[in-house]
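Below you'll find the structure, written out as structure tokens, and then a few comments.
Only the coordinates and a few stated rules stand behind these numbers; no lab work does. A quick note: this is a predicted structure, and the numbers were derived from the prediction, not measured. Heads up, the Cβs are rebuilt from the backbone with ideal geometry, glycines too, and the neighbour counts pull from every protein chain shown.
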Amino acid sequence: MTNPSPSYFHLHLVSDSTGETLTTIAKAAAVQYAMVRPIEHIHPLVRTVKQMKRVLQEIEQAPGIVLYTVVNKELADALEARCKELNLPVLYVLAPIMGMFESYLGAPRTPTVAGQHVLDASYFRRIDAMNFTLSYDDGRMPENLNEADIILLGISRTSKTPTSIYLAHRGYKTVNVPIVPNMPLPPRLMEPHSAFVVCLVASAERISEIRRNRAENLSNRNLDDYVDRQQIAAEIAYSRRICAQNDWPILDVTRRSIEESAAAIIRLMQDRNEGVAPHEAL
């Protein structure tokens, strides 16, 4: 018996900023409905009446659920009114959260367009972390490891680079260092420093699959050994021995997304800073 094909619906995400908040919220909700998939219509930077009119025309042409984060009351009212006329569900997704904040804080909100993207110290810290991380990718290391917040270790294809970049986006200066059997790690890594070191591992099956998919870019490498599961298992075992010798925690990323891996790394680092003994995250 074959599984029924999923049905589709139109989902309009209207924002006066980049739309990242809406996209994240919408994705978290939509994945709960496996047999119904959204056709996303993303409308970012909607800040004028003319821009809103264009959005309303698109909503009329492809009616569906409408979510928005538009601060300007005139534009929000126009969107709400037209959706009501079209009998379409429409929701200001921050309303429940803002209501809770106002109730608890006892203070009215001060609407700010793209307030989460203000160019403050946090923003420039993320930019600095990104520049740092891109400079020290794939084994390149700063003279002073105390400049780094996090050092990721792992054999080839354990998602070190994308995880490093995501951590940098969160504001953490990250260095990633490949583990290659029979090749020593950089001596500076063994010297005293304040950076948090964590090793990424994955199942031999998963790593073999990823390596095989990228084989067309690796013509100078012995591909038979590179994708051999027994060889990969030996590489993983070597990684685990190094970590055990240095008391470095290990994170299995086999079934983790980049975001989940980054969150687990941050949690491990916080545990260390709070005096919790390093451990392998399950």
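Worth a mention:
- In the list [x] 1.07; [y] 1.28; [z] 0.89, the label attached to Cα Rg over 2.2 N^0.38 Å as derived from the coordinates here is [y].
- Rounded to 10°, Cα long-axis angle of helix 20-30 versus longest principal axis of the chain: 90
- Mean separation of Cα pairs under 8 Å and 6 or more residues apart, divided by the residue count, gives the chain a relative contact order of 13 percent.
- For the stretch 7-116: rounded, prolate or oblate by the Cα gyration tensor [a/c cutoff 1.5]: oblate
- Stretchable slack from Leu91 to Lys53, in nm (0.36 nm times residue separation minus alpha-carbon distance): 11.9 nm
- Using a Förster distance of 41 Å, the FRET efficiency for Gln61-Leu134 (Cβ separation, nearest 0.05): 0.50
- Degrees, to the nearest 10: 204-213 long Cα axis against longest axis of the chain: 70
- With neighbours defined as other Cβ atoms within 10 Å of a residue's Cβ, the residues Lys173, Lys73 order from fewest to most as Lys73, Lys173.
- Over all other residues within a Cβ to Cβ distance under 14 Å of Arg47, the charged ones net out to +2, with Lys and Arg as +1 and Asp and Glu as -1.
- Normalised contact order of the stretch 121-273, rounded percent, pairs of Cα under 8 Å and 6 or more residues apart: 25
- Neighbour counts of C-beta atoms inside 10 Å place His12, His43 in the sequence His43, His12, starting with the fewest.
- Exposure proxy ranking, count of Cβ atoms within 10 Å, fewest first, for Tyr92, Tyr104: Tyr104, Tyr92
- Global form of the stretch 119-216, assessed from the alpha-carbon gyration tensor, a/c cut-off 1.5: oblate
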